[in-house]
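A quick write-up on the structure given underneath.
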Amino acid sequence: MIAPFQKAGLARYALAVAAGLLLAASFPQPGIASLAWIAPGLILFSGIGLSGGRALRLGYAAGLAHYLFSLRWLLFIPFPVGAVAGWLALSAYLALYPAVWVWLCWRFYPVQIRSQPVPGSALRLVEVIVGTPFLQRTVWAFGCAVVWVALEMVVARFLTGFPCNLLGASQFQMLPVIQIASIAGVYGVSFLVVWFSVSLVCAALSLVVRPAMQKLWLGDLLMPFLVLMGVVGFGIKRIGQPQPAGRTVSVALVQPSIPQTLIWDSTENTNRFKQLLRLSELALATKPDVLIWPEAAVPNMLRYEPDTYEAITNIVRSHHVWMILGADDAVPRPGLGVRKEFDFYNSGFLVSPEGELVTTYRKRKLVIFGEYVPFARWMPFLRYLTPIGGEFTPGDQPVSFSLPELNVKTSVLICFEDSFPYLSRECAEADTDFLVNLTNDGWFGESSAQWQHAASAVFRALENGLPLVRCANNGLSCWVDSVGRMHEVYFPRTEDIYGVGFKTASIPLLPRGVKREPTFYHRHGDWLGWSCVGAALGMLLSSFPRLVKKREPKQKPDTGVGTSPDKKNN
């Protein structure tokens, strides 16, 4: 009996790992979005009939394969020890979430299933699934989507949050599907994909076991398919809605493509700043209204380096142009007497055509090990895992940039802040015309990180019904319209996103005096996500007696299904 059991175990792990890799492949790159509609169901059914540690381990194997592949761009960080350590540690942490998902979903299955170490047991387990009443199976598949979204809400917030590659983001090019994000956020797309995926695998199992009973397998797909068709219909209608003819604002996006090693090399500061000024002169020849530089473009502190300050203010005065740029900043800590200490900020600045620093925004979400080292006071050795020499202080509020001459109002997000749905929502006020993301993805060379980051930005535009302009150090500088279409993705006459250059774009604005109608998501935020968190907690609490009760005696080897949990408790 041992050999078949071991073979079955290896087969389960092979399926879990393969499904995890399929899930990773749904994100850019390669970005085969359709795989996301299959992979979660396969991950879940690799643990069919298991509970406890074995289900957790299978889910963990799938999650580890997924994140090691999809986050491989971390290995491009030009700091080998920290890159490998960060890649392994982050992947190992994130893999806990699909592990918990597999474990909880099978805990919540309406009929108790037990895997038996005997030949043919897998088929009997499938027959148990197929034999479960249709309504119970449908509700369970729906509940699997609830748990998935609840876990995504946690991963986006716990330990400052890492909301990169939420499942819905894999569909960023499926415009009719993702319009639901204007109502439910990116979590609405994740919910739909998982619900359909689990239902699809249930239908496939029914088709294999009972091919003659079409109503059985069609029933599994009925509800998610109808909802999907409704979502697509809503999306097509929303995309086709005519936009009122209004104004435009012309922006020039300068992309210097500075390697991260040069950003750390102070001896290259003068050369790279001169290159930035040359690119800006070329961009300004197109007569834009606003000139935008990315995060980390300025090598020195703008407010404390006279040469840097003078060069920037001269260029905006001579061309009478507004400017938005990213630069480091420092503010003295109060009450320290003669011995001055400073708080350092990763900041965005608005410079007026008269050369005045009008407004400053300070980045609120800092990158762990990139902008700060957690627990460094108690574990100093952690500093050796990062190339940063000091730490930034987080800002405490969103800031609007008002450009009165243009009658334009925007708001800045720095780096991966545009991956946080609730941060972008806080920045999008009623009279905001568009959002701006200043980012430096040069940390990751020419990798899939740029595409994955941009995929998240698509949803921030959709969720708030606002255009979003991205200015990046080495890709992807572009803009996203209010329905999620990406524009100016490549440099002219190329398919290159990583190179040196500039892009100009005309961002559509509403007519003067016309207020933008806020989306449902903008008004109500993560209502779906929090509802799923509440529902998942309720499901967990309701099953708590089962989780803590003593183990039942083992079933006979030929038993595939036990009595219902309620009957056992009676």
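Just so you know, all these numbers are worked out from the coordinates, no wet-lab data involved. Computed from a predicted structure; not experimentally measured. Positions of Cβ are generated from backbone atoms using ideal geometry, with glycine treated the same way; all protein chains shown enter the neighbour counts.
The ellipsoid that matches the Cα gyration tensor of region 459-520 has semi-axes, each √(5λ) in whole angstrom, of 26, 12, 9, with the longest given first.
Say the cut-off is 24 Å between C-alpha atoms; which of Lys409/Lys515; Lys287/Lys363; Lys409/Lys503 go over it? Before the final figure, lay out the partial values.
Values: Lys409/Lys515 12 Å; Lys287/Lys363 29 Å; Lys409/Lys503 21 Å.
Going by Cα-Cα distance, Lys287/Lys363 fall outside the 24 Å limit.
Between Glu341 and Leu218, the modelled labels are 7.2 nm apart [label points 7 Å from Cα along Cα→Cβ].
Normalised by the number of residues in region 172-239, the mean separation of alpha-carbon contacts (under 8 Å, six or more apart) gives a relative contact order of 46 percent.
Residues with beta-carbon under 12 Å from that of Phe172, excluding Phe172: net charge, scoring Lys, Arg +1 and Asp, Glu -1? List each step's numbers first, then the result.
On the way: positive: Arg460, Arg485; negative: none.
Spelling it out: positives minus negatives among the neighbours equals +2.
How would you rank Asp220, Asp328, Asp396, Asp307, going from fewest to most other Cβ atoms within 10 Å of each one's own Cβ? Show your work: numbers first, answer last.
On the way: Asp220 24, Asp328 19, Asp396 7, Asp307 10.
The fewest-first ordering by Cβ neighbours comes to Asp396, Asp307, Asp328, Asp220.
Among His66, His524, the order by Cβ neighbours within 10 angstrom, fewest to most, reads His524, His66. Each peptide in 259-269, 42-52 was scored by the mean count of other Cβ atoms within 10 Å over its residues; highest first, the order is 42-52, 259-269.
Annotation: amide H-H contacts under 5 Å for Val249 (H modelled 1.01 Å from N, sequence separation of 5 or more, or interchain): Ile507, Leu509.
In percent, what relative contact order does the chain have, based on Cα pairs under 8 Å that are 6 or more apart in sequence? Display every interim value, and only then the final one.
Details: 1086 pairs, mean separation 97.6, N = 570.
It comes to 17 percent, rounded to a whole number.
Sticking with the crude label model, points 7 Å out along Cα→Cβ, report the distance from Leu159 to Trp264 in nm, one decimal please. Rounded to a tenth, the inter-label distance reads 2.2 nm. The stretch between Leu96 and Gln173, if pulled fully straight at 0.36 nm per residue, gains 24.9 nm over its current Cα-Cα span. A Cβ-based charge dipole, computed about the Cα centre of the chain with Lys and Arg at +1 and Asp and Glu at -1, lands at about 2620 debye.
Could you tell me which residue out of Gly47, Ala169, His66 lies farthest along the dipole of the chain toward its positive end? Charges go on the beta carbon: Lys and Arg +1, Asp and Glu -1, centred on the Cα centre. Sorting the options by dipole projection puts first Gly47.
Taking 0.36 nm per residue of separation and subtracting the current Cα-Cα distance, fully stretching the chain between Asn314 and Phe225 would add 26.1 nm. For region 422-438, backbone nitrogen atoms closer than 11 Å to the point 7 Å from Thr286 Cα along Cα-to-C-beta are found at no residue. Between region 236-308 and region 469-514, what is the C-alpha centre distance in whole Å? So the separation of the two Cα centres works out to 12 Å. Taking every Cα-Cα distance in region 135-213 and sorting them into 10 Å bins from zero, the calculated P(r) comes out as 18, 40, 28, 12, 2, 0 percent. Binning the C-alpha pair distances of the chain at 10 Å intervals from 0 yields a P(r) profile of 3, 16, 26, 23, 16, 10, 5, 2, 0 %, listed from the shortest bin outward.
Neighbours of Asn269 by Cβ distance under 13 Å: Lys/Arg scored +1, Asp/Glu scored -1, total -3. For the listed peptides 141-147, 81-87, 490-496, 98-104, a ranking on the average number of other beta carbons within 10 Å per residue, highest first, reads 98-104, 141-147, 81-87, 490-496.
Taking label points 7 Å from Cα along the Cα-to-Cβ direction, Phe134 and Ala11 give a separation of 2.9 nm. The residues neighbouring Glu517, those whose beta-carbon lies less than 13 Å from its own, together hold a net charge of +3 under the Lys/Arg +1, Asp/Glu -1 convention. Label zone (Phe234, point 7 Å along Cα-to-C-beta; backbone nitrogen cut-off 14 Å) within region 166-203: 176-193.
Distant-in-sequence amide contacts of Asp496, defined by a placed amide H-H separation under 5 Å and a gap of 5 or more residues or a different chain, comprise Phe491. DSSP beta bridges confined to the chain are antiparallel in about 65 percent of cases. Working note: 222 nm ellipticity from helices only, DSSP H runs with n ≥ 4, each -39,500 (n - 2.57), summed and divided by the residues of the chain, gives -14500 deg cm²/dmol to the nearest 500.
Neighbour counts of C-beta atoms inside 10 Å place Ile183, Ile178, Ile236 in the sequence Ile236, Ile183, Ile178, starting with the fewest.
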